[in-house]
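The values are calculated or read from the model by the stated rules, or taken from the named source; none is laboratory data. Quick caveat, the model's predicted, so the values are computed rather than measured. Because the Cβ atoms are built from the backbone with ideal geometry, glycine has one as well, and the counts that use them run over all protein chains shown. The accessibility values were calculated without ligands, DNA or RNA, using every heavy atom of the protein model including side chains. Shrake-Rupley method; radii C 1.70, N 1.55, O 1.52, S 1.80 Å.
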Amino acid sequence: MLSHHQIISRRLLLSVAGLGLLSATACQSSVPSPGDGAGAGAAKGGSAGATPGAAPASTPAVNAPSPLLSPGPPQPRRVTNPLFSLAADDKLVALTIDDGPDPANTPEVLSILQNYGIRATFFLIGENAARQAGLVKEIAAHGHHIANHTWSHPDLRGLAESKVRDELQRTSDLLHDTTGRTPTWFRAPGGDWSDVSLQVSAALGMRPMGWSVDPQDWARPGTSKITTRVLQAIGPGSIVLNHDGGGDRSQTIAALRSYLPVLIDEGYRFTAPQ
């Protein structure tokens, strides 16, 4: 008959042996089997890389890759709000020109900008760019930014996503084919943004740009009024809106000749945001 001391000793030995077996089983389970590195077998529920006696497909295998380590679906491009002004605390501003190119107005605008050594951003309408490919190339050759202003200048707020994508994609493709540059900026006609247009432009690799100074030159209020509105509203970081398309822009052209030298004399510098 075993003594009390012998019973306790046997219990200790059995406990130690049990712990050893559990430890060995855990170590064996933590060793990945060949082929599990890509997680292909686990993802498809097949037996690729499985060891004999593995659990059925309906039961997760012990050595399945952690979901945290598995590559997920591609993340959508982050949608940003329109840029309305530059992050500048000095007299750095951006000049933007919309609705061209126009065979009568755009060459005049290019000549003025070249005279003062100013780089601008031209938001081009696809339909106009298709008819004036030579002017599109000339704008790019002068070092100005080429930007997307839709294909037909619609109000994007009432359009389905497929139509918005067509308006933007066609324009970007045309501008790239014409200049070799893919537009990185997009402006909604009239500044009428929508969640859909912001999402589509982001998916196409473009950022939205608005403006902070609008002299409403599109309404042809008169050269002096356009000039006064720009000079009174402009400040460090301003984005100025003008138009070289959409009709008679002789007032805008005259206003550019009037207010640009004044701004330069006041120490303003011009940039085309990257």
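Some observations on this one:
- Exposure of Lys225 as accessible area (Å², to 10), given a probe of 1.4 Å and all protein chains: 100
- Model label sites at Asp214 and Glu161, defined 7 Å from Cα along the beta-carbon direction, differ in position by 2.8 nm.
- Overall dimensions of the stretch 188-244, expressed as equivalent-ellipsoid semi-axes from the Cα gyration tensor (√(5λ), whole Å, largest first), are 27, 13, 8.
- Asp155, Asp89, reordered so the largest accessible area comes first (probe 1.4 Å): Asp89, Asp155
- Under 15 Å, Cβ to Cβ, from Ala254 - net charge with Lys/Arg +1 and Asp/Glu -1: +1
- Gap separating the Cα centres of the stretch 218-274 and the stretch 108-126, nearest whole Å: 12
- Stokes-Einstein translational diffusion, the stretch 102-255 - Kirkwood Rh over all Cα pairs, 0.890 mPa s, 25 °C, in µm²/s: 153
- Computed over neighbours whose Cβ is under 10 Å from that of Thr121, the net charge equals +1, Lys and Arg +1, Asp and Glu -1.
- Summing +1 for each Lys or Arg and -1 for each Asp or Glu among the other residues whose beta-carbon sits under 13 angstrom from that of Ser111 gives -2.
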